[in-house]
Amino acid sequence: MTMSDPLGDMLTRIRNGQRARSSSVKSPASRTRANVLEVLRREGYIRGFSKADVRPGIAEFVIELKYLDGEPVIKEINRVSKPGRRVYSKIAELPKVYNGLGIAILSTPRGVMSDNEARAANVGGEVLCRVF
C-alpha cells in the first residue's frame with residue numbers, strides 16, 4: 001500500500017517512539033528522509049540513524065532516539081508542508097520556532113537544512129517540519 005505523506009509517517013513514528021520511551025524506531029528509507037534525519041542528528045535531536053536492508057531493494061532506517069534525564073529531547077515535532085498544502089517561505093519570512101529555541105527544517109535549492117543554516121546561506125524554500 002502506498003503512502004500519501006512518507007515524511008509525515010516518519011515524523012509520526014519518531015513522535016510515537018518518544019512517547020513510548022523506545023530506544024529506537026524503524027522507518028522505510030528514502031533520500032528525503034535521510035536528509036531530514038541528518039539535520040535532526042546534526043542539531044542534536046536524535047543520537048543517529050543507520051540504514052538496514054530488509055530484503056534486496058528494500059531498506060529501512062533504524063533511528064536511535066535521544067533522551068535527557070529520562071525525558072525525550074524532542075518535545076514537539078510537526079509536519080508543516082503537507083501534500084494537500086505546500087508551505088514555502090522567503091528568506092525574510094523564515095519561521096522562528098519558539099523564538100529560536102526550536103528549529104524548522106526546510107527543503108531549499110541547496111538541499112535540506114535547518115532554518116539557521118538557511119539564514120546563513122541566504123536561501124528560502126519549502127518548510128517541511130518544526131521541531132522543539
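The values are calculated or read from the model by the stated rules, or taken from the named source; none is laboratory data. Note that the structure is a prediction, hence the values are computed from the model and not measured. Virtual Cβ from ideal backbone geometry, glycine too; neighbours counted across all protein chains shown. Just the protein is used for accessible areas: all its heavy atoms, side chains included, with ligands, DNA and RNA removed. Shrake-Rupley method; radii C 1.70, N 1.55, O 1.52, S 1.80 Å.
Any idea which residue in the stretch 43-58 is least open to solvent (accessible area, probe 1.4 Å), counting only those that are of a type outside the set (Val, Ile, Thr) and assigned to a strand (DSSP E or B)?
Once the filter is applied, the top-ranked residue is Gly48.
Could you tell me how many of the residues in the stretch 77-102 are open to solvent by less than 100 Å² (accessible area, probe 1.4 Å), more than 25 Å from Gly17 (Cβ to Cβ) and polar (S, T, N, Q)? Matching residues across the stretch 77-102 total 1. Restricting attention to the stretch 62-99, the residues that are closer than 20 Å to Pro6 by Cα and out of contact with any Gly (no Cβ under 8 Å at 6 or more places or on another chain) add up to 11. The set of residues in the stretch 27-42 that are open to solvent by 70 Å² or more (accessible area, probe 1.4 Å) and among the charged types (D, E, K, R) comprises Arg31, Arg41, Arg42. Applying a threshold of 9 Å to beta carbon distances and a minimum spacing of six or more residues, or different chains, the list of pairs starting in the stretch 52-65 at a residue that is closer than 8 Å to Ala29 by Cα and ending at one that is surrounded by 15 or more Cβ atoms within 10 Å (Cβ to Cβ) and of a type in the set (Val, Ile, Thr) reads Phe61/Val25. Within the set Ile105, Ile74, the sole residue that is within 16 Å of Glu38 (Cβ to Cβ), outside any strand (DSSP E or B) and open to solvent by less than 40 Å² (accessible area, probe 1.4 Å) turns out to be Ile74.
Taken over the stretch 108-127, the residue count meeting the criterion of being in a strand (DSSP E or B) and either over 13 Å from Leu40 (Cβ atoms) or open to solvent by less than 10 Å² (accessible area, probe 1.4 Å) (or both) is 6. Selection of the stretch 12-26 for residues being touching a residue at least 40 places away in the same chain (Cβ under 8 Å), polar (S, T, N, Q) and surrounded by 13 or more Cβ atoms within 10 Å (Cβ to Cβ) yields Gln18, Ser22, Ser24.
Looking at the stretch 1-42 only, could you name the residues that are in a helix (DSSP H, G or I) and of a type in the set (Asp, Glu)? Give the derivation first.
Kept after step one, since they are in a helix (DSSP H, G or I), are these residues of the stretch 1-42: 6-19, 31-42.
Residues satisfying the conditions are Asp9, Glu38.
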